[in-house]
Amino acid sequence: MLEIINCQIEAKTWRITLPDIDVQKGELLVITGPSGIGKSTLLHWLLGNIPQHVAIKGQIILSGINITHLAIEQRRVGLLMQDVYLFPHLNVQDNICFALPKNPQLSSKKPPRSSKKQRRAAAMNMLEQINLEHLATRYPQNLSGGERSRVGLIRALANQPQVMLLDEPFAALDPSTREQMGAWAFQQLAEQNIPSVMVSHDVEDIPASAKQICLADYYQASEQK
């Protein structure tokens, strides 16, 4: 479970004070609001990439552990953005291999995959589970937008995150592909019991079962000194 407690985002001319938020395992929270109000800023704060243009305070509790001051690499937080970056010199299978945990202490559910053969087998297994094994030997430049998004999510899941952040991940796709990709992605996250937080401008991207919070509802202009 993800908990966001006593969170306040403050800029020179405004502040947003959020109520305490919890996102249960397999649940999706969608953050909405107009451009420039701090949606992606909040997401980057959860990731551990502390923004410099605003001040953010609060606590981030993940699976009962306060991760507020941990470095990005210690948080076990996954991120999927609109521009899915895959290593162009690696095929799909090897892109996923790269994301698999290398430190056995990072994974309490599965044994470490120490050898290259084991890691490649694990990556192929993930692709087979979602019927994408036919993409294993393709390189990123030979994938469609929808295929890149799917591979990007699988690579993010390969690192066994405890929470997944999604920043307008399907915005660049055509409407039909975006709808299919969204349904598929949310199903994968729900089945793996991963709490997720997504930023979206488009209400059509929001599943009916998702929690929603609009930052504009908590916006307050600051008094000018």
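The values are calculated or read from the model by the stated rules, or taken from the named source; none is laboratory data. Just so we're clear, the structure is a prediction, and the values are computed from it rather than from any experiment. Heads up, the Cβs are rebuilt from the backbone with ideal geometry, glycines too, and the neighbour counts pull from every protein chain shown. These area figures cover heavy atoms from the full protein model, side chains too; ligands, DNA and RNA do not enter into them. Shrake-Rupley method; radii C 1.70, N 1.55, O 1.52, S 1.80 Å.
Results, tabulated for the structure shown:
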{"item": "Surface accessible to a 1.4 Å probe, R155 within the full protein complex, Å²", "result": "50"}
{"item": "³J(HN,Hα), Karplus 6.51/-1.76/1.60, whole Hz, each residue of the stretch 159-170, x for Gly, Pro", "result": "7, 6, x, 8, 8, 10, 10, 10, 10, 6, x, 10"}
{"item": "Label-point gap, in nm, between S115 and I5 - each point 7 angstrom along Cα→Cβ", "result": "4.6"}
{"item": "Surface/4 of the Cα convex hull for the stretch 173-225, nm²", "result": "5.6"}
{"item": "Longest to shortest principal axis, alpha-carbon extents of the chain, angstrom", "result": "62, 40, 31"}
{"item": "C-alpha long axis of helix 116-129 to longest principal axis of the chain, angle in °", "result": "70"}
{"item": "Percent RCO, i.e. relative contact order, over the chain, from Cα pairs under 8 Å lying at least 6 residues apart", "result": "34"}
{"item": "Residues of the stretch 1-44 with amide N under 19 Å of the 7 Å Cα→Cβ point at I72", "result": "39-44"}
{"item": "Angle between the chain longest axis and helix 145-158 axis [Cα atoms, degrees, rounded to 10]", "result": "90"}
{"item": "27 Å Cα cut-off, lysine pairs counted over the chain (separation 8 or more, or different chains)", "result": "18"}
{"item": "For the stretch 32-94, Kirkwood radius (reciprocal of mean inverse C-alpha pair distance, Å)", "result": "13.9"}
{"item": "Mean ellipticity per residue at 222 nm, deg cm²/dmol - from DSSP H runs of n ≥ 4 across the chain, formula -39500 (n - 2.57)", "result": "-9000 deg cm²/dmol"}
{"item": "C-alpha long axis of helix 175-191 to longest principal axis of the chain, angle in °", "result": "90"}
{"item": "Where H44, H134 fall by accessible area, highest first, once all protein chains stay in place (1.4 Å)", "result": "H134, H44"}
{"item": "Solvent-accessible area per residue for the stretch 148-225 (1.4 angstrom probe, square angstrom)", "result": "49"}
{"item": "When the stretch 1-107 is reduced to its Cα atoms, the Kirkwood hydrodynamic radius in Å", "result": "15.9"}
{"item": "Carbon plus sulfur fraction of accessible area for the stretch 142-219, probe 1.4 Å, in percent", "result": "44"}
